[in-house]
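The values are calculated or read from the model by the stated rules, or taken from the named source; none is laboratory data. Just so it is clear, the structure is predicted and the values come from calculations on it, not from any experiment. Quick reminder, even Gly has a Cβ in these numbers, built from the backbone with ideal geometry, and neighbours come from all protein chains shown.
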Amino acid sequence: MNPFRTRHHIMRMVMSLMMMMLASPTLADDQDFSTILETARGQTVYFNAWGGDDKINDYIAWAADEMAQRHGITLKHVKLANTGAAVSRILAERAAGRSTGGSVDLLWVNGENFAALKRNDLLRSAPWAESLPSWRFTDADALPAIRLDFAVPTDGLESPWGRAQLVFAYDSNNLASPPRTADNLAAYIISTPGRFTYPQPPDFVGLSFLKQILIETAVDTAPLYDPVQPALFDKMTAPLWRWLDSVTPHLWRGGRAYPANYPMQRQLLADGEVDIAIAFNPADASSAIERGELPASVRSYIHAGGTIANVHFLAIPFNANAPEAAQIVANFLLSPEAQLRKADPRIWGDPTVLAMHRLSEQDKAGFDALPRGVATLSEADLARTLAEPHPSWMKAIETEWRRRYASGG
Amino acid sequence: MVCILALATALPVIAGIVGVTAPAIGLFPPLGFVSPSLDPATVFLATPGLARAVLISLGTGLSATSLAVLFSFALLVTFEGAHRSRWLRRLAGPLIAVPYSTVAIGVLFLLAPSGWLMRLVSPGLTGFDRPPLWALVPDGSGAVLCLGLLVKEVPFLVLVSLAALATLPVRRLLATGMSLGYGRTASWLHLVLPLVYRRIRLPVFAVLVFSLSVVDMPRLLGPMLPPPLAVLIVEGFEDTELAARLPASFGALLQILMTGAALVIWRIGEWLCGAALARLRRGGFRLATLCAYVRALAACATLPIIIGCTGLVAAALWSVAGPWFFPATLPDALTWRFWMRTDSLAPALMASIVIAAVASLVAVALALLAIELTRPRGRAGVFWQVWIFAPILLPQAGFVPGLQMVLTMTWLEGTWLAMIWMHVLFILPYAWLILAPAAASLDRRHGQVAASLGAGAWRRYRCVTLPMLAPAIITALFVGTSVSVALYLPSLFAGAGRITTMTLEAVALASGGSRAMAGVATMLQLLIPMLAFAALQTVWHLRYGRFAGMRAGGLH
């Protein structure tokens, strides 16, 4: 026997063993997934998701039909007015000691809600999101926000679903060129009193607007991505309060009242009471025009330095009754087919979380061919994004805002 | 049997109360808070603007309630018995069933600088092609909030007053007054209204409690900086930071304290008014000019009713409106698009009808049973009243999680039983406060007459007591249906996504902020109380239409 050949043989064996070891996670995942698929058949998934938009409701209804046909899974949309109600229910179940058979199987969530659920161990503890077959169509290097929800690592506890970005809408009949920086906005507010406002904190769009101004006015934004330090808070937020102090007397109603949420502010824009509305979905203005809720002359814009962008996710609570079927649903909703349909403004218009270079030519062509709403910015215009600060800043800013502007002093 | 019933109502209520009290003193195991502490109290008491928020709550609550009583009495005196009263009575019922948020949106849509009133005169008279910068709403004083509250509360008090009037010999009392040389209005003031007030005192307390705890309205109408206490509490419970529930729970206890204080203030006011009226009576003043004042007051009192109706018309219009921008007075186009989508709501509609009907009937039956059981013991009834009212005294966001725990531990959430059980708990206080005074004012001698004719206890109850209570029972059933249809949080928790009601669908739809969807949602929510109204009316006329003395007791 040729010793060389034997060595070669051993080498090949070692090599193939190493190859197998390298490859085995994927192999195991696929096997796991088919087991999951098997278990999921016949299960019912109670999907708790905001139900205030009939387009979104229709999209979820479509997904439910597909799930029933393909995998024998019953998908029930539990329509919520706010996510907090579902979080309360999960919390009450935890308090009652219900560790299995919970009432929520899948939850539409992100940011502070996710951080709170994760911190209090209210989510399914085993990471699952990154072993879904559809995960391979995403690229966390290109879009870090799919693994970093408001600077909090997702750790595979939630599966990305869609993207959102802070955008401003204005009526081009009333406003020729909108202000595109925090400084220009302040100058605009002071020269045009009574025509700008923002949703009243603790509304999340209102707080996001404050975070946007905070990032734009801050000298150094790095500390914003760590948990808030009381010692640093005053120094970091001083420019924000200076900005607000200068504009507040010139806001809509002199800053003595605010719209309760962004749909109300959109209504104010429609009624011509204010010049600018704020939304957290680039397609919001286009959809509102289509529904006849905004004049056709409305257009959208973002600030020159970019605006806050984030990703919204699907999470499985710790005591979900049908965690297997919930994963199948999350996997389907992340698939190119479902994401393409979701990105279509005629269906919903929610930007995809998938990476184009990971898709097949055919799927990529599908995304390229999507029409854009009349008031929706192009992907290129929306490319300038700012990352969400750590969620702890939100609460700190809210409390200080309340102290300064809402205590009636 | 009685024990089981008592347990079925007491257990969740106690759980609800514990569910609020424990976090308030720092105990909330699911989040890892296991030792008592004063932190929740300290944190909540440090809320910026808290003192002002409490003052605003008390101010708007007390003024809205006193105005509601004044207005409803003025309407009663002016219109009762007169032929033109029919439209007023017919409007009271539906207005009770309109959701608070719709009333708020309606008021806003009417009074805002871009609102309907301004659109009527713009740009023609004003030259405005954009809304002006000055505004009535939202306001910081709470005046508009009071107006909004009156839209709901005046009809409610008119309705319960009418039920109370039906049990009084109004004509004889008025005749007595007038034979002594007093005018009609003065006779009302001296002889009838004190008796009516005594019978509607509990509903008036409920109105006061509700005015202090309303959340939807101040969010739209102001004051906002700071908002009333109830809004601060709800914001705490809705906070994404889960630990914010602990201070919010302390806030809920503070809310109870504040409600108690408001009730004490109200009692003092009652006593002062009583003393003033007694002086007037003893002085023998003829009060000849009173009539003019009452007329003026009644004219003012129609304002909230008109606003409420306009809000409804506006909601109906939005539900079919296409684009509709300032300064257009009417929508540019009409569309049925929003209504086309409602066919999928049939199961929710059926569920709501079943729940509202069963829960109202059960709650009314329970209240009647409780009244019969507590009557012989006299004062013992007070104890049972305290916890029966807990569901409407405590902020729902704090109270409902405790209820949810009972359902979860009994594996009942998501079942019809749980849903109806929860609804009964929230209807029961209203059923009690409408039925208890009516039962207390019954002339027991009718029963004695029946007994002397040989009727047994059950027969006496069925043939004498129940028909005499019928006006109050009908009112309680209708109010119960309206309450059931409006319950959002308890339905969400008890249904656990397994059972969907109309309100769950409607509130979710309206959260998108479109006026059109809010309009559709309002119309859908109104549907069930309207059906109940029609059904109860029909039953009433079939059963009692031939008794002249009872004709006045229906819902009209």
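What about B:Met517, is it assigned to a helix (DSSP H, G or I), touching a helix residue (DSSP H, G or I) at 6+ places or on another chain (Cβ under 9 Å), of a type outside the set (Ser, Thr, Tyr) and crowded, with 24+ Cβ neighbours inside 10 Å? Yes: the conditions hold for B:Met517.
For the structure I just gave you, tell me whether B:Val121 is buried (at least 22 other Cβ atoms within 10 Å of the Cβ) and in the same structural domain as B:Val196 (by TED's automatic domain parsing).
Numbers: buried (at least 22 other Cβ atoms within 10 Å of the Cβ): no; in the same structural domain as B:Val196 (by TED's automatic domain parsing): yes.
Criteria not met by B:Val121.
Just the residues that are within 23 Å of A:Ala257 (Cα to Cα) and more than 20 Å from the chain's Cα centre (by Cα), please, taken from the stretch B:234-268. Hits for the stretch B:234-268 are B:Glu235, B:Gly236, B:Phe237, B:Glu238, B:Asp239.
One residue stands out among those in the stretch A:379-409 that are within 20 Å of A:Thr181 (Cβ to Cβ) and not in a helix (DSSP H, G or I): the one that is farthest from the other protein chains (Cβ to nearest Cβ), which is A:Ala380. For the stretch B:219-242, the set of residues classified as touching a residue at least 40 places away in the same chain (Cβ under 8 Å), at the interface with chain A (Cβ under 7 Å from one of its Cβ atoms) and not in a helix (DSSP H, G or I) consists of B:Gly222, B:Met224, B:Leu225, B:Pro226, listed by residue number.
This table checks each residue for (1) of a type in the set (A, V, I, L, M); (2) modelled with pLDDT of 85 or more.
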| site | (1), (2) |
| --- | --- |
| B:Arg119 | no, yes |
| B:Gly124 | no, no |
| B:Phe128 | no, no |
| B:Leu133 | yes, no |
| B:Leu136 | yes, no |
| B:Asp139 | no, no |
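Per-residue answers, yes or no, for (1) within 14 Å of chain A (Cβ to nearest Cβ); (2) in a helix (DSSP H, G or I); (3) crowded, with 24+ Cβ neighbours inside 10 Å:
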{"position": "B:Tyr461", "(1), (2), (3)": "no, yes, no"}
{"position": "B:Val464", "(1), (2), (3)": "no, yes, no"}
{"position": "B:Met468", "(1), (2), (3)": "no, yes, no"}
{"position": "B:Pro471", "(1), (2), (3)": "no, yes, yes"}
{"position": "B:Thr475", "(1), (2), (3)": "no, yes, yes"}
{"position": "B:Phe478", "(1), (2), (3)": "no, yes, yes"}
{"position": "B:Ser482", "(1), (2), (3)": "no, yes, yes"}
{"position": "B:Phe493", "(1), (2), (3)": "yes, yes, yes"}
{"position": "B:Arg498", "(1), (2), (3)": "yes, no, no"}
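The set of residues in the stretch B:22-40 that are aliphatic (A, V, I, L, M) and either under 22 Å from A:Ala116 (Cα atoms) or surrounded by 20 or more Cβ atoms within 10 Å (Cβ to Cβ) (or both) comprises B:Ala22, B:Ala24, B:Ile25, B:Leu27, B:Leu31, B:Val34.
Would you check if there is a residue in the stretch A:256-267 being under 26 Å from the mean Cα position of the chain (by Cα) and hydrophobic (A, V, I, L, M, F, W, C)?
Our first condition is that a residue be under 26 Å from the mean Cα position of the chain (by Cα); within the stretch A:256-267, this holds for A:258-267.
Then keep just the ones that are hydrophobic (A, V, I, L, M, F, W, C); that gives A:260, A:264.
Scanning the stretch A:256-267, I find at least one residue that is under 26 Å from the mean Cα position of the chain (by Cα) and hydrophobic (A, V, I, L, M, F, W, C), so the answer is yes.
Within the stretch B:438-457, the only residue that satisfies the criterion of being basic (Lys, Arg) and in a loop (DSSP other than H, G, I, E, B) is B:Arg444. Residues considered: A:Ser103, A:Ser159. Of these, the only one that is of a type in the set (S, T, N, Q), buried (at least 24 other Cβ atoms within 10 Å of the Cβ), in contact (Cβ under 8 Å) with a residue 60 or more places away in the chain and facing chain B (nearest Cβ under 9 Å) is A:Ser103. Taken together, the residues in the stretch A:64-100 that are of a type in the set (S, T, N, Q), farther than 18 Å from B:Phe399 by Cα and without any contact (Cβ under 8 Å) to a residue 24 or more places away in the chain amount to 1.
Answer with yes or no whether B:Leu504 is under 19 Å from B:Ser360 (Cα atoms), out of contact with any Phe, Trp or Tyr (no Cβ under 6 Å at 6 or more places or on another chain), free of Cβ contacts under 8 Å to residues at least 60 places away in the same chain and surrounded by 21 or more Cβ atoms within 10 Å (Cβ to Cβ). Spelling it out, it is not the case that B:Leu504 is under 19 Å from B:Ser360 (Cα atoms), out of contact with any Phe, Trp or Tyr (no Cβ under 6 Å at 6 or more places or on another chain), free of Cβ contacts under 8 Å to residues at least 60 places away in the same chain and surrounded by 21 or more Cβ atoms within 10 Å (Cβ to Cβ).
For the residues B:Trp387, B:Trp318, the requirement of being under 27 Å from the mean Cα position of the chain (by Cα), away from chain A (no Cβ under 14 Å), among the aromatic types (Phe, Trp, Tyr) and surrounded by 12 or more Cβ atoms within 10 Å (Cβ to Cβ) singles out B:Trp387.
Taking the stretch A:294-316 as the search range and keeping residues that are within 16 Å of A:Asn173 (Cβ to Cβ) and touching a Lys or Arg at 6+ places or on another chain (Cβ under 7 Å), which one is modelled with the highest pLDDT? Within the stretch A:294-316, the match that is modelled with the highest pLDDT is A:Tyr301. If you go through the stretch B:400-419 and keep only what is crowded, with 24+ Cβ neighbours inside 10 Å and either at pLDDT 85 or above or assigned by TED's automatic domain parsing to the domain that holds B:Glu238 (or both), you end up with B:Ala418, B:Met419.
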